[in-house]
C-alpha cells in the first residue's frame, strides 16, 4: 500500500522560505500568484493492507516525527 | 560537577563545550554517544552541544530529539538533574519535548554568525547565578534556524513564569530591534523549563571563555553550573 503525507505550516506561522519563493515567482513575471506557503511531502510504502490500520500508524508517525505539531499540520492520504 | 556531553552524528561544538566545562569545574566531562541508553552514573549535568545533527534533515534537531539516549535525558530532567542545550542542542531539546516551542528559519533567511549581546533576565538559577540580573553579556551566535516560535498561550505562560533566560539586546542592553538577529518572538535567546533545571539557548557561551577569543562573558554560565548545588539523584 502506498501513502502520501503532506506537512504544511499552520496558518499564522511565518514562512520566510515561502516568501522568498513568492518573490522569485514574481521576478519570473509569473502572473496571478497571491502568496506561497511551502511544505513537505513524504511518500511511504507500507507493508499492511488494511486502510484503517495504515491511517492509525501514519497518524502516529506524524505525531512522533514527521510533523512538529507546534507549527505544522499534516494530511494523510492512502493512494 | 559531573557533566555528560551528548554526541550525535553531525554535532561539532562538543570539544568547545567540554573545554569550557573542564575549565570551570576542573573535571573532564564524559562524552556520551547517542546510541547509549544510559547516562553515566552520578551525572549532574547533561549538555547537548551545537552543530548540525543528522545534517538538519527533516527539521533541525528532529531526529536527534528522538534518539535512544534522550529517554534517559528526560528521566534525568524529571529527577531535577540539569540539562543545557546550546544552538542545535536547544533545537534538539525543543524537538524532544524537554522545552516548549520550536526554532524556525531565521526571519531574513540568512545564516547569522556574529558577536551578540544578551540581557540576563534572572540570576537565581543554576545557569546564571554568577551573572547579575539585567547584566549585558557579549557572546556569539552562529545559526540559520534560531527564530524561536511558540503559540500565544505558551508564550504568555513562559513570560508569566519568568522562564525567559536571555534576550537579544545591543551593547547598551536595549532589547530587540536590530539586536534581534533571527526574528525570535519577544527577542527570546534562551528559555528555561518550568522547574528551571533545563536551559536551551541559541547563542554560544562556550566560545567566549578566553580573552584571546574576544571575551570571557561566557564563563559566567559554566561557573554558575559549578556553584549550583548538585540536584541529580
Problem set entry | Label-point separation in nm, residue A:33 to residue B:153, each point 7 Å along Cα→Cβ | 3.6 nm
Exercise. Tell me, B:95, B:14 in order of fewest to most beta-carbon neighbours within 10 Å?
Worked result: B:14, B:95
For this session: Using only alpha carbon pairs under 8 Å that are at least six residues apart, calculate the relative contact order of region B:9-102 and give it in whole percent.
Result: 31 percent
Seminar exercise, completed: The correct pair for region A:2-78, radius of gyration to one decimal and Dmax as a whole number, both in Å and from Cα atoms, is 15.6, 47
Exercise. Between residue B:27 and residue B:186, what FRET efficiency comes out of the Förster formula 1/(1 + (r/R0)^6) with R0 = 30 Å and r the beta carbon distance, rounded to 0.05?
Worked result: 0.25
Exercise. In what order do B:111, B:166, A:42, B:8 fall by count of nearby beta-carbon atoms within 10 Å, going from fewest to most?
Worked result: B:111, A:42, B:8, B:166
Seminar exercise, completed: In nm, the gap between the two label points placed 7 Å beyond Cα toward Cβ at residue B:12 and residue B:172 is 3.6 nm
Problem set entry | Spatial separation of Cα centroids for region B:1-35 and region B:148-187, in angstrom | 28 Å
Exercise. What distance in nm separates the simple spin-label points at residue B:211 and residue A:41, each placed 7 Å from Cα in the Cβ direction?
Worked result: 6.0 nm
Seminar exercise, completed: When A:14, A:28 are ranked with the fewest other C-beta atoms within 10 Å first, the list becomes A:28, A:14
For this session: Specify whether the C-alpha gyration tensor of the protein assembly as shown places it in the rounded, prolate or oblate class, a ≥ b ≥ c being the square roots of the eigenvalues: rounded for a/c under 1.5, otherwise prolate if a/b is larger than b/c and oblate if not.
Result: oblate
Exercise. What FRET efficiency comes out for the pair residue B:66/residue A:52, r = Cβ-Cβ distance, R0 = 30 Å, nearest 0.05?
Worked result: 0.75
Exercise. Between region B:92-111 and region A:1-30, what is the C-alpha centre distance in whole Å?
Worked result: 18 Å
For this session: Specify whether the C-alpha gyration tensor of chain B places it in the rounded, prolate or oblate class, a ≥ b ≥ c being the square roots of the eigenvalues: rounded for a/c under 1.5, otherwise prolate if a/b is larger than b/c and oblate if not.
Result: rounded
Exercise. Does a label point 7 Å from the Cα of residue B:75, set along Cα-to-beta-carbon, have any residues of region B:21-48 with amide nitrogen under 12 Å, and which are they?
Worked result: B:37-42
Seminar exercise, completed: Taking A:18-26, B:21-29 and ranking on average Cβ neighbours within 10 Å, highest first, one gets B:21-29, A:18-26
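Rule-based calculations on the coordinates, nothing more; no lab input. Nothing here was measured: the structure is a model prediction, and the numbers come from that model. Every residue, glycine among them, receives a Cβ derived from its backbone with ideal geometry; neighbour counts consider all protein chains shown.
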